[in-house]
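Shown next, in structure tokens, is the structure this report addresses.
Derivation of every value follows stated rules applied to the coordinates shown; laboratory data play no part. Keep in mind the model is a prediction, meaning the values are calculated, not measured. Quick reminder, even Gly has a Cβ in these numbers, built from the backbone with ideal geometry, and neighbours come from all protein chains shown.
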Amino acid sequence: MQQELPVASPCVQVCALDEADVCIGCQRTADEITRWGLMQDDERRAVLQRCRQRAEASGSFLRAP
């Protein structure tokens, strides 16, 4: 049985928090960034979903045509 790889960090090396403490690069909150290494994959997937929602809400998520 092949072991599943851990969920990778969404970090894009653009690390700056906005006024709401959300990274403008990866869309994670400061708390999510701090706790990422301690999270299980299911929690990481939930964070990635919230990141996508934040990016869509802010207009920074680009969809392919």
| task | Please specify each residue of region 48-57 satisfying the condition of being in contact (Cβ under 8 Å) with a residue 24 or more places away in the chain and of a type outside the set (D, E, K, R). | result | Leu48, Cys51, Ala55
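I'm trying to understand the selection: among the residues of region 18-38, which are outside any loop (DSSP other than H, G, I, E, B) and buried (at least 17 other Cβ atoms within 10 Å of the Cβ)?
Across region 18-38, the qualifying residues are Val22, Cys23, Thr29, Glu32, Ile33, Trp36.
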| remark: Within region 1-43, residues being hydroxyl-bearing (Ser, Thr, Tyr) and touching a strand residue (DSSP E or B) at 6+ places or on another chain (Cβ under 7 Å) number 1
